[in-house]
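Note sheet for the following structure.
The values are calculated or read from the model by the stated rules, or taken from the named source; none is laboratory data. All of these numbers come straight from a predicted model, not from anything done at the bench. Here the Cβ positions follow ideal geometry from the backbone for every residue, glycine too, while neighbour counts run over all protein chains shown. SASA here: full protein model, heavy atoms, side chains in, ligands and nucleic acids out. Shrake-Rupley method; radii C 1.70, N 1.55, O 1.52, S 1.80 Å.
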Amino acid sequence: MIIVLRAHATETDIQTVSDLVCSLRYQPRIIRGVEQTVLACIGDELSNLSLEVLKTLSAVESVFPVQRKFKLVSLEYHQEPSCVKIKNTKIGCGGIPVIAGPCAIESYDQFRTSVSDLVDNNIEIIRAMPFKPRTSPYDFQGLRLDGVKIMRDIKDEFDVAFVSEVPGPAQIEILSDVTDMYQIGARNAQNYDLLEQIAKAGKPVLLKRGMASTIEEWLTAAEYLVVNGCSDVVLCERGLRSFDKTTRNLLDIGAVAVAKQLTHLPVIVDPSHAAGTRSLVLPLSRAAIAAGADGLLVEAHSDPVNAFSDAAQQLQSSTFKDFLDQIQPWIDLAQKS
Ligand code: PEP
Ligand code: MN
């Protein structure tokens, strides 16, 4: 950490701050300038107490941490990109897999038709959402246990992997025998108790970025998963809350490129919840691939116009091939470079 003292700090001030730094188990190196003195404090910021408490001293102008709050997920710690295997599909190993499926499971027929259409297009990981954490308690909350039963029936028929959102600790166990990957949604992205519990459940986790999370908070949430025993983590950018309502969320394409420079974890993009509108899903998907995304998470439904949730943004599953064909040149280019 770097401590900048106020201009013209006295020798007594410097000594007092430096003694406190030592008592917090850092070694201070004093750098004297013409007006200001700076203390470079050597010590592990992750295992020691933060020196930020010293900001309250009258002799201290500012305190800057130099270490990041995440370690295990960082590219410095693990220099090879991580590859996460979900059943037969690998994410983060050079391919750009597309995960697809409806916003929610609404009925046996709706889910079966959607899955069948997507499997016909070689989609290997399906969104299977029996639980829908919604902003309003009056909105469709998912079929819950009936939806889990539908998942079991469909799983017996199709050789696919499922990714399912876990709204709370109770659903970890309920989904454990039927889903292949747990999803932490944007609203739970900083629910640290849930992150700790899900990390111990022994399955890969798809971690959405919170709608108001900084990139550091997103990666630190991933650190919760890894430090608690889950090494198969896939990050997912899905757009931030913004002042402009033209798109549902502001897709932070820059965050994809930044995350790829900071972490070894795969980074995928959900263009659907960022777009909010069907016609924007294709351009946002292309932008995501161009920015270096390791995959996409796309909503596709057998009858999107009549969907119980997110009707405006879901693609038609029966014509999903058109979407795949239209992103293919971007995938080819990304893989060439
Ligand atoms: C979802 O993927 O089903 C979802 C609700 O997305 P988010 O958590 O990003 O809003
Ligand atoms: Mn949705």
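For (1) closer than 16 Å to Leu225 by Cβ; (2) within 16 Å of ligand 2 (Cβ to nearest atom); (3) among the β-branched types (Val, Ile, Thr), each residue gets a yes or a no:
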position: Asp117; (1), (2), (3): no, no, no
position: Asp120; (1), (2), (3): no, no, no
position: Ile123; (1), (2), (3): no, no, yes
position: Met129; (1), (2), (3): no, yes, no
position: Met151; (1), (2), (3): no, no, no
position: Met181; (1), (2), (3): yes, no, no
position: Ala189; (1), (2), (3): yes, yes, no
position: Asp193; (1), (2), (3): yes, no, no
position: Ile198; (1), (2), (3): yes, no, yes
Checklist outcome for this item: Exception for Ala212 within (1) in a helix (DSSP H, G or I); (2) within 16 Å of ligand 1 (Cβ to nearest atom); (3) open to solvent by 30 Å² or more (accessible area, probe 1.4 Å) falls at (1)
Checklist entry - Across the range 253-291, what is the number of residues that are within 14 Å of ligand 1 (Cβ to nearest atom), free of Cβ contacts under 8 Å to residues at least 60 places away in the same chain and not in a helix (DSSP H, G or I)? => result 2
Checklist entry - So which residues in the range 226-252 are within 16 Å of ligand 1 (Cβ to nearest atom) and over 10 Å from the mean Cα position of the chain (by Cα)? => result Gly239, Leu240, Arg241, Ser242, Lys245, Thr247, Arg248, Asn249, Leu250, Leu251, Asp252
Checklist entry - Which pairs do you get when a residue that is open to solvent by 20 Å² or more (accessible area, probe 1.4 Å), found in the range 41-64, comes within reach of a residue that is of a type in the set (Gly, Ala, Ser), reach meaning Cβ atoms under 9 angstrom, with the pair 6+ apart or on two chains? => result Lys55/Ser62; Glu61/Ala7; Glu61/Ala9
Item to check | Residue list for the range 90-132, restricted to those being open to solvent by less than 10 Å² (accessible area, probe 1.4 Å) and outside any loop (DSSP other than H, G, I, E, B) | outcome: Ile91, Ile99, Ala100, Gly101, Phe111, Ser114, Val115, Leu118, Ile125, Ile126, Arg127
Next on the checklist: Exactly one of these conditions fails for Ala311: (1) within 16 Å of ligand 1 (Cβ to nearest atom); (2) within 22 Å of Asp252 (Cβ to Cβ). Give me its number.
Outcome noted: (2)
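Taking the range 292-322 as the search range and keeping residues that are open to solvent by 10 Å² or more (accessible area, probe 1.4 Å) and assigned to a helix (DSSP H, G or I), which one is nearest to Ser107 (Cα to Cα)?
The qualifying residue nearest to Ser107 (Cα to Cα) is Asn306.
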Item to check | Evaluation of Thr179 against (1) away from ligand 1 (no atom under 12 Å from the Cβ); (2) buried (at least 22 other Cβ atoms within 10 Å of the Cβ); (3) without any contact (Cβ under 8 Å) to a residue 40 or more places away in the chain (one fails), failing number | outcome: (3)
Checklist entry - If a residue has to be touching a helix residue (DSSP H, G or I) at 6+ places or on another chain (Cβ under 7 Å), in a loop (DSSP other than H, G, I, E, B) and over 11 Å from Leu5 (Cβ atoms) to count, how many in the range 18-59 make the cut? => result 2
Checklist outcome for this item: Of the residues in the range 226-277, those that are within 16 Å of ligand 2 (Cβ to nearest atom), farther than 24 Å from Lys69 by Cβ and of a type in the set (Lys, Arg) come to Arg248
Checklist entry - What about Cys83, is it within 21 Å of Leu282 (Cα to Cα), at pLDDT 95 or above and under 24 Å from the mean Cα position of the chain (by Cα)? => result no
